[in-house]
1. Determine the alpha carbon to alpha carbon distance for each of Lys124/Lys620; Lys503/Lys603; Lys39/Lys94; Lys39/Lys95; Lys478/Lys577; Lys519/Lys597 and list only those over 26 Å.
2. For Cα pairs less than 8 Å apart in space and 6+ apart in sequence, what is the mean separation divided by the residue count of region 147-246, i.e. the relative contact order in percent?
3. So how much accessible area does Asp623 have, in Å² to the nearest 10, using a 1.4 Å probe?
4. For the charge dipole of the chain, defined by +1 on Lys and Arg C-beta atoms and -1 on Asp and Glu C-beta atoms about the Cα centroid, which residue among Pro106, Ser630, Trp604 has the Cα displaced farthest towards the positive pole?
5. Could you order Lys514, Lys95 by accessible surface area, starting with the largest, using a probe radius of 1.4 Å?
6. Quick one: putting +1 on the C-beta of Lys and Arg, -1 on the C-beta of Asp and Glu, what dipole do you get for the chain around its Cα centre, in Debye to the nearest 20?
7. Provide the solvent-accessible area of Met169, counting protein heavy atoms only and rolling a 1.4 Å probe, rounded to the nearest 10 Å².
8. Which percentage, to the nearest 5, of the DSSP beta bridges contained in region 526-627 is antiparallel?
Amino acid sequence: MNWAGDDPDENDGVSDAEQPIVVAETDPDQGVIVVRFEKAIEVALATVDNAGERLFMREILLAIRRLTDHDVARALRDQALANTLDTFAPLGLKKKIFFLNAGNVPQLDGRCLPHPRPVQEVDKNLLLDPIGEHFRHDRHFAVGPIDSARVPAVINEIVSFCFQQFTEMVASLSPDGLLEWIVLRHESNVSSATRAKLLMATRVACFGQSSEFLKEVSDGLAEQSEAAVAGRFLIEYVAARPPKGLRPMSMGVYDALLARAAIITTYGMLSDIVHFEIARVDVDMLGAGRLGFRPDQYRAAMQDYRMRFAAAQATQAADRFRRHWQQPAPANDEWRHEVEAATQAEFGFPLSKLVELLSFAIEMGLHNPPIVRMRYEDAVAAFAAQDGWDRQHVEAALEMFLYRPRGNFLRPGNGYRAEDAYPWRYGRRLSYLRRPFLMEELDGTWLVWGHRHMQEAHLYLLQTCFGGRMQATSDAMKALVSRHANREGEAFNDEVADRLAEKPALVVYRRLKKIGTGKRSIQPPGDIDALVIDVERGRIYVLECKNLAFARTPFELAAELRALTETTPQHRSIIEKHQRGVVWLRANLNAVISWAKLDLAKKWEVHSAVVVDEHAMSPKLQDVGEPVFSLGELREDQADFGLQALCTVTYTPYPTDGADTDE
């Protein structure tokens, strides 16, 4: 590959326009094809589609024609060649070579990284026997079901048992190079997960969305998530409680630590499931000496959710893929000013300056692979040398993103709670995602960071501000979050209405505030997000449109259930507000029919449901009193998008019977 390009003094008078960017040379005696690329191939490859690959595949096929006998060569004549390319590699996303700017997607920087390492199942299984032994001998558990009243304590004790082993193993390790070692491993997993997400669109284009493919995607996403959470927890603990032992780090020790971190996270989630009464968890002492967790509603719901999530990810993959080559739409100046003012009030810095600091760190990482380890003073000086920064502002901004050593991991103090250290909780204030600069006190004060994870922290910062989860403290930020939520809500409302209006059989009204005009108009108790009328079938659908923040953990599932069903003196639940509108419409059905110019003599059915942006797991775990479905569940192959079925579904708990399983 001539990536440097030809020397302009030695191009024999051939202009860039005339110089072919792909040349396929043949050696008939050896049966070899040598393909040479000029630097200009970068432009052809740096596109969202496979135009560049089609270019050099054509040259390769032409070279094959020169090497083969007359009959094969005739089959590869120019016309047949074009048809072959269009048949097997049509212009589009059937793409195998990616040419991206690493500055835009630094997670893809694979330089000097070890192979990615997921949590090893064998190491998790090796823990099941000592856990069972602890309860059988130390706690004298007899074979059989464990009383449900004891289940919460049993789960919490499993977490404590594994955490004690985890902390003892870390304490035995030598600190020399340890933090860099585990950060580097995590960087590899981040890079691998990002690459898998990028490739999903082209894999769908090449192979389609078979059930086997979706199962592979689902399993892969679960494996990546487990490795990411466990890896971040290990980094957080080592950074907070640096060891003073002599034992060198090894792959075997790393696997054992990741396994314990993964089990701590799994059983921490189970503890929250029981505590928030999300689902029933039954535990048995098995004859084999292990604890058994019978299939429960949460596990079944999670398996169902993972498959649905994988299907959604595969469907959305093409749009995500194209965004890598698209310029972001310019932000509205008024909105940008509001964001800057609100984040200044909330954080002490406008969002643009915080993003700028993280971008500096990413750029330094790209120039110093695989990860950065700098003396604190040198890092501060390097950041302060950038335009618009000085030492005081750098140190203040760094404090927001700095993960410091502390005396007690689970009692962090300084206004933090123990929950801020729990790896199974999302949105923690003491997480590696929120604090990507690691402080190390070892022969001086050092900062350690990886630029791939730094980009993840950048995205997390934006998601925190605009993803519906931020617990704002300043009035300006509270107002901004509220306005953003309203904008997003209206946008989703419009998306639902626009999608339903695609079917000629459906008449759609959005954000309905009143029926009729003037003094004779009547108003529902609140806006009806989408009123959908199926004239031919005599059905009226009252839809509530909610872009719920994606519930990742049991703690968030509990919050989602409260938002859906829990009414307080200060706030009505989503379901109650929606059902008040449904009751109003039923009471005023004739007026609605007349207003919509429908046939009063016809028998009309009224159905209702809540439409959400992503598949919601909580309504599958508990009866919320109303059908809930996601926009992705609309059936394109049906004249009414399948609304009749979606709006009449009844709550059916996931089955909880089945054979005991080790956990």
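The values are calculated or read from the model by the stated rules, or taken from the named source; none is laboratory data. Please read all numbers here as calculations on a predicted model, not as lab measurements. A quick note on method: Cβ atoms are made from the backbone with ideal geometry, for glycine too, and the neighbour counts reach across all protein chains shown. Heads up: the accessible areas ignore ligands, DNA and RNA and are worked out on the full protein's heavy atoms, side chains in. Shrake-Rupley method; radii C 1.70, N 1.55, O 1.52, S 1.80 Å.
1. Values: Lys124/Lys620 29 Å; Lys503/Lys603 22 Å; Lys39/Lys94 23 Å; Lys39/Lys95 19 Å; Lys478/Lys577 23 Å; Lys519/Lys597 19 Å.
Distance filter (> 26 Å) returns Lys124/Lys620.
2. Values: 38 pairs, mean separation 61.3, N = 100.
About 61 percent, as a whole number.
3. 100
4. Positive-end residue among those listed: Trp604.
5. Values: Lys514 95, Lys95 5 Å².
My answer, sorted largest first, is Lys514, Lys95.
6. Values: 77 positive and 94 negative charges, 487 e Å.
Computed about the Cα centre, the dipole is about 2340 debye.
7. Accessible area of Met169: about 30 Å².
8. Numbers: 5 of 13 bridges.
Of those bridges, close to 40 percent are antiparallel.
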